[in-house]
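Student: Below is the structure I would like to discuss, written out as structure tokens.
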Amino acid sequence: RYDLKRHLITANEVQYIQVADALVTPDSMRVRIRRNANMDPLTNATITANYVTKYHTIVNATVNIAARRQYSGTGEIDYVDENKKAFRIRLQNVNVDTAYQTYARGRILEDEQFQLSPAFDFFGEVLLEASSKELAFTGSTRIQHGCSGLERNWMPFTARIDPQEIFIPVGDSLADASGSAIAAGVFLTADDPFTTYGTFLSRKREKKDDPVIAGTGLLHYDKGSRAYVISNKDKIRQRDLPGDLVSVNVDDCTISGDGRIRTGMDLGRVELQDIGTLTYDAAAGRTAAKVVMLADFHFHDKAL
């Protein structure tokens with residue numbers, strides 16, 4: 001309907017509006033267009049992005065449509081974990097990039113008690129891209145355990161997260177929010193008396209302490225063994241493959257390692273390579289290992 005006096009077009013029974021790569025559904029199914037083709041903002045609308053894959057549904061959206069391929073707004077989206085529990089994420093900026101693809105950014109505060117799964121707390125930034133099924137998270141995560149000898153520190157990361165199978169990248173050099181060095185594995189103190197101790201995404205006693213075995217790669221929670229595991233994805237799924245692996249059991253708080261064992265010894269032209277398994281009992285403060293040692297050194301041919 002066109003109102004000549006008010007220069008207003010009112011369209012009713014509008015099922016959706018296709019703009020850029022999205023479908024915008026007005027809550028009232030009514031759209032008003034004013035002078036110079038300016039459309040009234042839509043409130044409580046629903047955005048489906050993109051209209052081909054329909055990966056994401058943004059609800060309670062306020063949408064300003066500026067052109068056929070340009071819109072902006074705010075809204076909310078549900079993150080649904082492996083147990084079908086939904087967490088509502090507020091998206092402060094919904095927009096279109098230079099390729100006319102929808103993206104949205106949100107922020108999760110620490111006091112919101114958001115969880116990627118029952119095994120992982122999270123706070124930080126969230127990025128939605130219409131062409132990708134998974135949301136991208138940039139922030140800090142913290143694991144869940146009741147081990148008194150292991151701190152639960154926040155670990156920074158950036159990754160796309162599949163709620164059904166979460167893998168979180170763990171780098172070689174990590175620091176918590178206060179800047180203290182954190183790590184996962186068994187470490188040897190750099191100063192006398194030399195002792196070993198275990199960490200799992202918790203603070204090192206001293207930044208200069210050397211790893212006996214350390215975990216890098218991807219962090220995953222194995223529900224079957226009730227343990228957090230760090231290694232490459234293939235070894236996490238099949239433990240007999242080569243590579244280093246570090247884990248912590250949430251029941252007995254034992255830290256286990258499998259792979260290269262570093263003794264910290266420098267014997268000059270004698271090269272040692274230790275491979276085996278290692279366990280650290282957090283309650284007893286004791287480390288035990290089963291190791292195969294390979295020694296490579298010069299040996300005079302006539303002595304053979």
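The values are calculated or read from the model by the stated rules, or taken from the named source; none is laboratory data. The model shown is predicted, which means the values in this text are computed figures rather than measured ones. Cβ: placed from backbone, ideal geometry, glycine included. Neighbour counts: every protein chain shown.
Student: Taking the options Tyr71, Tyr51, name whichever one is assigned by TED's automatic domain parsing to the domain that holds Leu128, among the hydroxyl-bearing types (Ser, Thr, Tyr) and crowded, with 20+ Cβ neighbours inside 10 Å.
Tutor: From the options Tyr71, Tyr51, the qualifying one is Tyr71.
Student: Next up: Quick check: anything in segment 121-129 outside the structural domain of Thr199 (by TED's automatic domain parsing), touching a Lys or Arg at 6+ places or on another chain (Cβ under 7 Å) and closer than 22 Å to Asn249 by Cα?
Tutor: Yes.
Student: Name the residue that is modelled with the lowest pLDDT, counting only residues in segment 135-150 that are loosely packed, with under 15 Cβ neighbours inside 10 Å and part of a loop (DSSP other than H, G, I, E, B).
Tutor: That would be Ser148.
Student: Please find, within segment 188-222, the residue that is nearest to the chain's Cα centre (by Cα) out of those that are under 24 Å from Phe167 (Cβ atoms) and among the aromatic types (Phe, Trp, Tyr).
Tutor: Looking at the filtered set, the residue picked out is Tyr221.
Student: Can you tell me which residue in segment 151-193 is surrounded by the most Cβ atoms within 10 Å (Cβ to Cβ), limited to those that are modelled with pLDDT under 90, closer than 22 Å to Leu109 by Cα and of a type in the set (Asp, Glu)?
Tutor: If we take residues in segment 151-193 being modelled with pLDDT under 90, closer than 22 Å to Leu109 by Cα and of a type in the set (Asp, Glu), then Asp176 is surrounded by the most Cβ atoms within 10 Å (Cβ to Cβ).
Student: Criterion first (in a strand (DSSP E or B), modelled with pLDDT of 95 or more and more than 20 Å from Ser132 (Cβ to Cβ)) does Thr57 satisfy it?
Tutor: no
Student: Another question about this same structure. Mind listing whichever residues of segment 227-244 are under 15 Å from Thr277 (Cα atoms) and not polar (S, T, N, Q)?
Tutor: Within segment 227-244, Val229, Ile230, Lys235, Arg239, Asp240, Leu241, Pro242, Gly243, Asp244 meet the criteria.
Student: Next question. Within segment 101-116, restricting attention to residues that are of a type in the set (S, T, N, Q) and not in a strand (DSSP E or B), which residue is nearest to Glu82 (Cα to Cα)?
Tutor: Among them, the one singled out is Gln113.
Student: Look at Ala99 and say whether it is of a type outside the set (D, E, K, R), over 12 Å from the mean Cα position of the chain (by Cα) and either surrounded by 13 or more Cβ atoms within 10 Å (Cβ to Cβ) or not assigned by TED's automatic domain parsing to the domain that holds Arg69 (or both).
Tutor: Against the criterion (of a type outside the set (D, E, K, R), over 12 Å from the mean Cα position of the chain (by Cα) and either surrounded by 13 or more Cβ atoms within 10 Å (Cβ to Cβ) or not assigned by TED's automatic domain parsing to the domain that holds Arg69 (or both)), Ala99 does not qualify.
Student: Tell me which of these Ser225 doesn't satisfy, since it passes every other one: (1) modelled with pLDDT of 90 or more; (2) of a type in the set (Gly, Ala, Ser); (3) closer than 23 Å to Trp154 by Cβ; (4) more than 19 Å from the chain's Cα centre (by Cα).
Tutor: Failed condition: (3).
Student: Now for a separate question. Among the residues of segment 77-96, what is the count of those that are surrounded by 15 or more Cβ atoms within 10 Å (Cβ to Cβ) and either within 30 Å of His220 (Cβ to Cβ) or hydroxyl-bearing (Ser, Thr, Tyr) (or both)?
Tutor: Final tally of qualifying residues: 8.
Student: Sticking with this one: Within segment 156-187, track down each residue that is assigned to a loop (DSSP other than H, G, I, E, B) and of a type in the set (A, V, I, L, M, F, W, C).
Tutor: Within segment 156-187, Ile166, Phe167, Ala177 meet the criteria.
Student: If you don't mind, another one. Restricting attention to segment 29-41, does a residue exist that is without any contact (Cβ under 8 Å) to a residue 40 or more places away in the chain, surrounded by fewer than 19 Cβ atoms within 10 Å (Cβ to Cβ) and closer than 20 Å to Leu91 by Cβ?
Tutor: Yes, because at least one residue in segment 29-41 is without any contact (Cβ under 8 Å) to a residue 40 or more places away in the chain, surrounded by fewer than 19 Cβ atoms within 10 Å (Cβ to Cβ) and closer than 20 Å to Leu91 by Cβ.
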